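One structure is given here, and the rest of the page talks about it.
The values are calculated or read from the model by the stated rules, or taken from the named source; none is laboratory data. As the structure is a prediction and not an experimental result, all values here were calculated from the model. Neighbour counts run over all protein chains shown; Cβ positions are idealised from the backbone, glycine included. Calculation scope for accessible area: heavy atoms of the full protein, side chains included, ligands and nucleic acids excluded. Shrake-Rupley method; radii C 1.70, N 1.55, O 1.52, S 1.80 Å.
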Amino acid sequence: MRRDRLQPHRVGLIAVALGVMVWAGLTMRWDWIPRYAELGAQGLWRTLWLLALSLLIGFSMALPLGLAQAAGPFWLAAPARWFCTLIRGTPLLLQIWLIYYGLGSLFPQYPWIRQSELWPYLRQAWPYALLALSLSYAGYEGEVMRGAFKSVPHGQLEAARAYGLSRFAVFRRIWLPQALARALPTLGGETVLQLKATPLVATITVIDIYAVASRVRQDTFVIYEPLLLLALIYLIIAGLIALGFRWLERRFTRGLA
Amino acid sequence: MLDWLYSVWPGLESSVTLLSLEPPGWGGNLLRGAANSLIIALGAFAVGCFIGTLGALGKLGGGPVTRDLLAVYTTVVRAVPELILILLLYYAGTDLLNQFLQLLGQRPIEISGLAAGIGVLGIVQGAYATEVLRGAIQSVPRGQLEAARAYGMGPVQTFRRVTFPAMLPLALPGLSNLWLIATKDTALLAIVGFSELTLETRQAAGSTRAYFTFFLAAGALYLLMTLLSGRLFGWLETRFRRGQAGARA
């Protein structure tokens, strides 16, 4: 296995890649890094928790959305389908701007909102970013979960009912685990897409890692270096997500036909 | 009728005036933006399909170095946010082109936003298209290719008459997805200042303060594009799937 990977041409390619990296390290300008390290760490942290929270909220919305479409009555299935179509049919950037500028300009008109406890949060940008990202993930994953719920063989659900399991127990112990196992490879890809969507929040003044890099570019007039470092950071996060999902897949697809 | 509607829905009249096509309204700007978005999406999709075909053939039939380089291309492009790729390729592309022109003794030129947008989104689309087409080509039964060889067809003829028509129905769902991504990714060009639908919308909304009216109108335009193209791809799929027994993706 290990020997397969180290074919002679790969050694050559890796040497070339290392050469390019050393050349980039020596000839390009990296002196701005220490000055912006702290801001960068804060930005990275903000990117990561926006990603994690939006995945969590979005996925907990996607489950009912998928279930409603796969097995719900018409009056639940139709709105769920419409929600997914709307989200998937319009650009996320437009959704973010609609929520931030639209809701953001609507809320201050109502005195009771301005006097409420939530107002200090609603004046900041990140709640709108989180809402937009969560709704977007919910829309895409609702569609994925619809397919996953439908792909579980109906006979298994009937068998579980025949064993006397309650409807909730059937859902929790048979339907949901199998649907999740089937959806995992798609969800992994979608999660990387969600990571790639997070820099859009920089357009509504949330200072994530992308916004920090833009600021470096504006302050120092160094163009390529911050972008390259940023690309590397996203590459690493995407790699970690892919590894995490591979581990989840190995763990949860055991014994699945 | 209209007067009655205006009386029950007070905001409607102002929205209609704002969206009208003549200058006090911004409808014309929105439609021009939508046309720009559509042109970029079409161009990027075409470039992407071209790169994707070459990439898929390279991944399947190329030498070890070609395959590794293509793997790096598809991995990097699919893991780095489009926004960063757009900025990198836009600056680097302009820079490299101008340095090249300088070597030839020409004057530096300004790359139009349209060409840059098509080029950059095309490279992004190409990475995804490579994977879609590779999967589709791989699932063409080997027996069919061997039969084509046995009939004496060369590689080009085999691709044109056997591989391509047999893989098309398998590739269409993925390509249709890519097209939808292309239409939505055009919105990212708003950030580099290209006046496509999303940027036009934001300008209109910003100067009139009617955020909901314009963003919802633009959303409706995007939705119209995606729903219509969904129909078109559905029709294409049933058409090319005719007479193919195993072709069910």
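When the residues of the range A:36-50 are filtered to those that are of a type in the set (Phe, Trp, Tyr) and open to solvent by 50 Å² or more (accessible area, probe 1.4 Å), the one that is farthest from the chain's Cα centre (by Cα) is A:Trp45. Residues in the range A:40-54: is at least one among the hydrophobic types (A, V, I, L, M, F, W, C) and either at pLDDT below 85 or under 18 Å from A:Leu228 (Cβ atoms) (or both)? Checked against the condition, which is being among the hydrophobic types (A, V, I, L, M, F, W, C) and either at pLDDT below 85 or under 18 Å from A:Leu228 (Cβ atoms) (or both), the range A:40-54 yields at least one hit.
Between A:Arg88, A:Arg81, the distinction of being assigned to a helix (DSSP H, G or I), closer than 22 Å to B:Leu228 by Cα, without any contact (Cβ under 8 Å) to a residue 60 or more places away in the chain and away from chain B (no Cβ under 12 Å) belongs to A:Arg81 only. Scanning the range A:60-83 for residues that are buried (at least 19 other Cβ atoms within 10 Å of the Cβ) and among the hydroxyl-bearing types (Ser, Thr, Tyr) yields a count of 0. Remark: pairs (first residue in the range B:80-107, more than 10 Å from chain A (Cβ to nearest Cβ); second residue loosely packed, with under 15 Cβ neighbours inside 10 Å and assigned to a helix (DSSP H, G or I); Cβ separation under 8 Å; 6+ apart in sequence or on different chains) = B:Arg107/B:Leu101.
At least 2 residues that are of a type in the set (Val, Ile, Thr) in each: list the helices (runs of 4 or more DSSP H) lying fully within the range B:115-207 that qualify.
On the way: elements: B:142-150, B:155-158, B:164-185.
Fully inside the range B:115-207 and qualifying: B:155-158, B:164-185.
Is it the case that A:Leu53 is in a helix (DSSP H, G or I), open to solvent by 80 Å² or more (accessible area, probe 1.4 Å) and not β-branched (Val, Ile, Thr)? No.
Evaluate the following for A:Leu131: is it more than 13 Å from chain B (Cβ to nearest Cβ), out of contact with any Lys or Arg (no Cβ under 9 Å at 6 or more places or on another chain), closer than 17 Å to B:Gly219 by Cβ and in contact (Cβ under 8 Å) with a residue 24 or more places away in the chain?
For A:Leu131, the condition - more than 13 Å from chain B (Cβ to nearest Cβ), out of contact with any Lys or Arg (no Cβ under 9 Å at 6 or more places or on another chain), closer than 17 Å to B:Gly219 by Cβ and in contact (Cβ under 8 Å) with a residue 24 or more places away in the chain - is met.
The set of residues from the range A:228-257 being at the interface with chain B (Cβ under 9 Å from one of its Cβ atoms) and over 21 Å from the mean Cα position of the chain (by Cα) comprises just one member, A:Leu228.
Counting the residues of the range A:84-116 that are of a type in the set (Phe, Trp, Tyr) and surrounded by fewer than 17 Cβ atoms within 10 Å (Cβ to Cβ) gives 3.
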